[in-house]
Structure formats: structure tokens, C-alpha cells
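J.: The structure's right below; bear with me while I get my questions together.
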Amino acid sequence: MTQLTRREMFQLASSIAPAFWLVRGASAQTPPTLELQPLSDKLTLLTGDGGNIAILEGADGLLLIDSGLPANAEAMDKKARSVGPFAIRVLINTHYHFDHVGGNERLGREGVKIMAHANVLKRLSTPQKNPFLNREFAALAPEGRPTATFSTGDEIAHGSEKIAYEHVPPAHTDGDATVHFRNANVFHAGDLLFNGTFPFIDYSVGGSIEGMIAAADRIIETVDGKTKIIPGHGPIAVREDVRAYRAVLSTVNERVTALIKSGKTLEQTQAAEPTKEWDEKWGKGFQKSSDFVRMLYAGKTSGRG
């Protein structure tokens, strides 16, 4: 496996996951369009920068959930600070993928406290190989790595908000964490939830569709009917959206598993169209339906899921 050049990264991003796998050091082809969406009097959503970013205002500064793409680090930093006259004090990463930690190095150099599950620190400290993509992704510089790690989760206060963060068993990756803003009733699911598109699942580090289904169950049990749910990618969701997402994953998983057990090849499995009902709506996101099926097939037949 070789490390991506900038040109190769853009080609990969275009063919499989636009903006999803941009690594640090890459430059955007067009200036990012970052937008702010108020979710409560103190909580704002920043979109347009890879993974969705939550910004919480507090008397002691701003707290961010995820930091977007490497190429947009400066723009993200400025946009986040425009929320109010505060410095960014805390950053929580939901997992290690580069479209969620791209601003880490910049924020780390500014003295921001970076929090994440212990496996995120492990992944960001060494190059990561992804067999499905046949690529290697460089480690972050030390200043971009988490300085405070956790194994299960805890609750902290930031301003008037109570924040519960929790690690879930391997699903999208082996270091996924959710963040629940209890007072605002807003829940950041990270990439455990792709709202309206087929999700990417990182089988190379223990992720699996079964884990994603279990994580969806946990989200459904945790939130209520009025909770605003921030997906890793896509628009704000509610609990019914997660139920629908869970149903799609479960059905596709059953179909692909049955096809594999019957001895079908990848090409035969793709030809069986196990995602057919959702291709028109979901197949225009990070992954086309054929890529999603190829990912599941590769993960399951490799012994990783």
C-alpha cells in the first residue's frame, strides 16, 4: 500500500467518497462553503466541511465536536470563532477519520484540549492502512493528537450545558464516540449515522454493519422524539430517521449475508441488487450502491465482519 499523492486523493474522493478521505496537506479545488445553523441558544451546527461540526458556546470558551477537513482548517477555525467572542477551548473527536480531525493540528497548536477515545489516539499516532481502499493515510503531527482520552465515557459541564460522551462497541470504527448535549437535547452521532446515504464502514479497524446496526439501536434508546440528532454526514435527523436507517442496514445486511452464504461471487451479489429499494434516494451520497455492496462483501469475506 502506498500513501496517497494529492492528485490520487482527489481522484479517490471523486470516485468513492467526495471530501470524505481528503488527507492533511491536500488543498481544496474550490473554496469551501461553510454554513452555520443554530440548534439552540448556545449550540450551532457547522456544515460544508466534511463531517458535521457542533459548536457549543460557554462563558469559558467554545467547545467543538469534530474539526472537519485538513484543507479547510483555517476557514473552519475562523467560521467557528464567528459564533461568538470566544476562544476555542475544547475539541472532542467522534472518531479518527480525516474528514473529522482535519483541523486538529491547527487547533492543537492554539492550545485547544483535544478529547477522544483511546483508539483514536492510537490511530492518529501511526499511519493507517485501509485494504478496501488500498491506501495508507499518514499520522497526524503530535499537536493534532488527543491529549485526553477515555475508554468508556463520562459527563462534563461546559457553560450551562451538560455533555455526556460515550464510546460504543466497534461499528463505524473501533473508536467511535457519541456526544449528548442533555440540556439542549441535541445528540451528535458522528459517522454512526449517515442521514440519507449509504454509510462508509471501516472494516480495517474492526467496523462492521452489525456494529452499525447495534449502534443505531443504542441511539434510538438514548434519544427521544424531540431530540435533534447530528449525523456525521447529512442533514439534522430525528429518532424516526434513525429507525429508518437501522431498517435499511438490517435488511441489506441480511440479503448480502444470505448471498455470500449461498456461494455468490461479488459480481453476482451486486447483480442481485440487495439495495434496490434505496438506490434512487441513497445512492447519490458518499458511496454508490455497488460500492456499498462491494464494501460489505469485502468486509464479510475477509473475516473482518
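J.: Condition check: closer than 13 Å to residue 197 by Cα, β-branched (Val, Ile, Thr) and either at pLDDT 95 or above or in a helix (DSSP H, G or I) (or both). Does residue 256 satisfy that? Let's see the steps before the verdict.
T.: Values: closer than 13 Å to residue 197 by Cα: no; β-branched (Val, Ile, Thr): yes; either at pLDDT 95 or above or in a helix (DSSP H, G or I) (or both): yes.
So residue 256 fails the test.
J.: Can you tell me which residue in the stretch 81-98 is surrounded by the fewest Cβ atoms within 10 Å (Cβ to Cβ), limited to those that are closer than 19 Å to residue 234 by Cα and out of contact with any Leu (no Cβ under 6 Å at 6 or more places or on another chain)?
T.: As a first pass, look at the stretch 81-98 and keep what is closer than 19 Å to residue 234 by Cα: 93-98.
Remaining after also requiring out of contact with any Leu (no Cβ under 6 Å at 6 or more places or on another chain): 93-95, 97-98.
On the way: 93: 27, 94: 30, 95: 27, 97: 29, 98: 24.
Ranking the candidates gives 98 first.
J.: I'm trying to understand the selection: among the residues of the stretch 45-65, which are under 18 Å from the mean Cα position of the chain (by Cα) and assigned to a strand (DSSP E or B)?
T.: Kept after step one, since they are under 18 Å from the mean Cα position of the chain (by Cα), are these residues of the stretch 45-65: 45-55, 63-65.
Selection gives 45, 46, 47, 53, 54, 55, 63, 64, 65.
J.: Then there's this: Within the stretch 256-266, is even one residue touching a residue at least 40 places away in the same chain (Cβ under 8 Å), under 30 Å from residue 68 (Cα atoms) and crowded, with 16+ Cβ neighbours inside 10 Å? Let's see the steps before the verdict.
T.: Pass one, the stretch 256-266, residues touching a residue at least 40 places away in the same chain (Cβ under 8 Å): 256-257, 260.
Adding the requirement that they be under 30 Å from residue 68 (Cα atoms) leaves none.
Taking every residue of the stretch 256-266 in turn, none turns out to be touching a residue at least 40 places away in the same chain (Cβ under 8 Å), under 30 Å from residue 68 (Cα atoms) and crowded, with 16+ Cβ neighbours inside 10 Å.
The values are calculated or read from the model by the stated rules, or taken from the named source; none is laboratory data. A quick note: this is a predicted structure, and the numbers were derived from the prediction, not measured. Neighbour counts run over all protein chains shown; Cβ positions are idealised from the backbone, glycine included.
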